[in-house]
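One structure is given below, encoded as structure tokens.
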Amino acid sequence: MVTMTSASTPLAVIVLAAGKGTRMKSDLHKVLHPIAGRPMLEHLLASAQELAPERQVVVAGHGREQLEQALGSRATIAVQEPQLGTGHAVQQAEGALAGFDGDILILYGDVPFVRVETMRAMIERLHADDTPAVVVLGFEPEDPLQYGRVLAHDDGRIAMMVEYKDASEEQRACRLCNSGLMAVKSADLFELLGKVGNANAQGEYYLVDIVNIATLEGRACAVIVTDDPDEVGGINSRGELAEAEARWQKKRRVQAMEDGVTLIAPETVFFAWDTRLGRDVTVEPNDVFGPGVSVADNVLIHAFSHLEGATLESGTSIGPYARLRPGAVLKQGSRIGNFVEMKNAVLGEGAKANHLTYLGDAEVGAKANIGAGTITCNYDGYFKHKTVIGERAFIGSNSALVAPVKIGADAIVAAGSAVTRDVAAGELRLVRGEQLVKPGWADRFHDAMKKKKAELKK
């Protein structure tokens with residue numbers, strides 16, 4: 001079958017997200033629950049965006065305020081109240097699509113991982129020579145459970161669609177299931193929806209009935225089948241959310257290794273949706289990547305490290321037990337070691353902070369050395385302040401740098417110093433209390449306390 005081009009045809013996307021999500025048992029809207037650090041709805045919209053839709057409509061009900069806040073102006077919110085079925089839900093988008101003439105893709109907010117290729121295939125099938133009124137995305141799961149069935153001919157033309165509760169035993173024996181996803185021309189969609197009734201087991205207006213109505217009117221409807229049932233898996237509970245996360249992480253780990261990353265214990269590493277890793281990166285066990293992490297080539301990430309919003313240039317290393325928060329940047333060849341935390345801070349080329357250090361709102365020059373237990377005191381209870389450490393500066397162990405403060409190039413801050421004023425380049429700054437020495441005092445104290453304790457026991 002020859003297909004016509006759909007490249008010039010405008011596209012609109014309708015995303016159904018009006019369900020209450022009661023099985024999730026959460027105050028957060030179901031479709032805003034994250035997978036790989038990104039709300040599932042955002043995963044779906046990002047894929048749809050690659051098709052450059054002219055309009056996006058999200059049909060909401062319960063928790064629509066959360067969706068409005070999350071989406072802003074990126075999509076129009078249509079409200080379904082009350083919820084009378086999937087067909088009724090799609091009808092609520094009619095006002096938002098007034099004047100639109102083109103293709104409409106109907107998606108579900110809790111089915112976040114539909115591939116762009118699949119969406120495109122549905123639209124292309126809509127423009128085939130037989131001009132189907134509706135294109136349905138079908139799938140064949142290992143266990144068809146209570147999915148609606150697609151009864152189709154060998155060429156993909158649909159004979160009938162039926163919801164599980166309304167299906168006969170013979171119809172339930174069919175293994176081709178309805179994902180709920182459809183492609184329909186705008187000229188057909190709302191006309192067909194206007195003919196849908198609710199004479200069924202649920203008393204609802206089923207979206208699938210537009211297929212049966214079009215078929216009875218003598219119009220062709222078609223099904224295309226995804227080769228990956230997980231692609232159309234819905235997420236309705238915490239358990240299903242965890243399963244989706246696990247599937248996503250497994251695929252991402254495989255991709256990372258194919259791209260030249262060494263994962264010592266792949267099953268213990270967790271990536272975010274936008275994690276970027278270069279070649280010859282080694283990731284040890286139990287590392288977690290939050291959103292916004294970019295790692296260049298030849299980087300070593302030791303075990304039990306947590307990264308979020310951080311940039312690691314080539315030849316750097318972190319951990320074990322390092323924490324990089326948003327705005328952390330490690331320049332080429334720099335290093336942080338165990339129990340070091342960075343936030344909104346830059347560690348210059350070849351600089352190092354090997355132990356037990358906090359670098360917040362700081363700029364550390366090239367080849368500077370930050371001693372164990374050093375703290376940049378960046379917060380005064382009301383405002384954040386910056387610490388600047390010059391090139392090759394040496395900060396002794398257990399020092400507190402009270403921002404705003406500048407440490408000059410080649411300067412030395414002696415161990416145990418609390419620095420509150422700028423240190424000039426090449427200067428030594430020693431800030432310690434006078435040591436008091438009392439020979440024999442401790443011995444006399446111990447003797448007195450032992451005597452007192454013995455008397456109390458009498």
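Tabulated values for the structure
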item: Within the stretch 158-269, helices (runs of 4 or more DSSP H) holding 2 or more residues that are at pLDDT below 95; result: 169-172, 209-216
item: Matching residues, the stretch 94-127, being over 14 Å from L189 (Cβ atoms) and β-branched (V, I, T); result: V111, V114, V116, T118
item: Whichever residue in the stretch 325-346 is out of contact with any Lys or Arg (no Cβ under 8 Å at 6 or more places or on another chain) and assigned to a strand (DSSP E or B) and, among such residues, is farthest from I264 (Cα to Cα); result: A345
item: Failed item, numbered, when A393 is tested on (1) within 60 Å of the chain's Cα centre (by Cα); (2) of a type outside the set (F, W, Y); (3) farther than 17 Å from N369 by Cβ; result: (3)
item: Residue that is in the same structural domain as V423 (by TED's automatic domain parsing), aliphatic (A, V, I, L, M), out of contact with any strand residue (DSSP E or B) (no Cβ under 9 Å at 6 or more places or on another chain) and free of Cβ contacts under 8 Å to residues at least 60 places away in the same chain, where the choices are A372, A366; result: A366
item: Residues located in the stretch 192-243, provided they are over 30 Å from P34 (Cα atoms) and under 32 Å from the mean Cα position of the chain (by Cα); result: V223
item: Qualifying residue in the stretch 260-275 (condition: in contact with a Leu (Cβ under 8 Å, 6 or more places away or on another chain) and not assigned by TED's automatic domain parsing to the domain that holds S26); result: yes
item: Filtered residue count, the stretch 204-239, keeping only those that are without any contact (Cβ under 8 Å) to a residue 40 or more places away in the chain and of a type in the set (G, A, S); result: 2
item: Odd one out for Q249 among (1) assigned by TED's automatic domain parsing to the domain that holds V295; (2) in contact (Cβ under 8 Å) with a residue 60 or more places away in the chain; (3) surrounded by fewer than 17 Cβ atoms within 10 Å (Cβ to Cβ); result: (3)
item: Scan of the stretch 252-264 for residues that are surrounded by fewer than 13 Cβ atoms within 10 Å (Cβ to Cβ) and either closer than 8 Å to V283 by Cβ or small (G, A, S) (or both), ordered by number; result: G260
item: Single match in L45, L107, L16 (criterion: modelled with pLDDT of 95 or more, within 27 Å of A246 (Cβ to Cβ) and under 18 Å from the mean Cα position of the chain (by Cα)); result: L45
item: Failed criterion for Y147 (all others in (1) in a loop (DSSP other than H, G, I, E, B); (2) out of contact with any Cys (no Cβ under 9 Å at 6 or more places or on another chain); (3) buried (at least 19 other Cβ atoms within 10 Å of the Cβ) hold); result: (2)
item: Unique residue being modelled with pLDDT under 95 and assigned by TED's automatic domain parsing to the domain that holds K352 when the list is G381, G396; result: G381
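The values are calculated or read from the model by the stated rules, or taken from the named source; none is laboratory data. No experiment lies behind these values; they were computed from the predicted model shown. Here Cβ is always computed from backbone atoms with ideal geometry, including for glycine, and neighbour counts include all displayed protein chains.
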